[in-house]
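The values are calculated or read from the model by the stated rules, or taken from the named source; none is laboratory data. Since the structure is predicted, the reported quantities are computational estimates derived from the model, not experimental observations. All Cβ positions, glycine included, derive from the backbone under ideal geometry; neighbour counts span all protein chains shown. We work out accessible area using only protein heavy atoms, side chains counted, and drop any ligands, DNA or RNA first. Shrake-Rupley method; radii C 1.70, N 1.55, O 1.52, S 1.80 Å.
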Amino acid sequence: MNEGENMIVRKAELSDLQALIDIYNYEVENGISTLDLHKKTYDEHKVWFDAHNKDNHPLITAEEDGSILGYASLSPYRDKEAYETTVELSVYVSPNFRKMGVATALMKEIINLAYLDEKTHTVVSVITSGNDASAALHKKFGFTFCGTVKRVGKKFGRFLDIDNYYLFTDGEKQ
């Protein structure tokens with residue numbers, strides 16, 4: 001697949017949910033893109049799904065020929081009301097479709113949605129240190145690195161750091 005050849009990026013639908021769960025759970029079991037340690041059930045992920053595609057929290061998918069290649073979302077950053085203009089970005093791509101432009105297409109669209117949303121001011125991304133592909137993707141889209149928090153998670157028997165990035169959507173200087 002060449003980037004954009006037959007891929008479409010669109011709003012996620014409930015019929016996509018099992019594919020989204022499968023992509024996420026692959027990372028739970030095999031990767032460091034999430035620090036979850038236990039696979040998510042359908043019911044758990046349905047709660048997450050239902051919290052999206054409202055307010056300033058879009059959830060989009062990349063699809064080709066009926067297969068879900070990956071997804072991106074903007075979720076609440078924190079529960080306190082003062083954070084309502086800040087969202088947290090997540091991007092996940094199926095292991096079968098990496099290095100094919102899927103993440104770039106998803107990032108382009110989700111960032112565009114953030115810029116178009118008058119409520120959104122700041123997009124934050126928390127990346128597990130060592131996820132160089134994700135860090136490079138964020139830098140490509142203008143995110144600014146703003147610090148590392150050391151040894152905050154433990155997965156696969158080792159402590160992991162997280163790197164924090166942000167992007168302002170209102171034209172303020174980064």
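A compact table of results
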| quantity | calculated |
| --- | --- |
| Accessible carbon and sulfur surface of segment 66-174 relative to its total accessible area, %, 1.4 Å | 50 percent |
| Sites residue 84 and residue 132, calculated FRET efficiency, Cβ-Cβ separation with R0 41 Å, nearest 0.05 | 0.80 |
| Given (1) 31, 17, 13; (2) 22, 21, 17; (3) 71, 15, 13, the label whose value is semi-axes √(5λ) of the Cα gyration tensor in Å derived from this model | (2) |
| For the chain: accessible area per residue (Å², 1.4 Å) | 55 Å² |
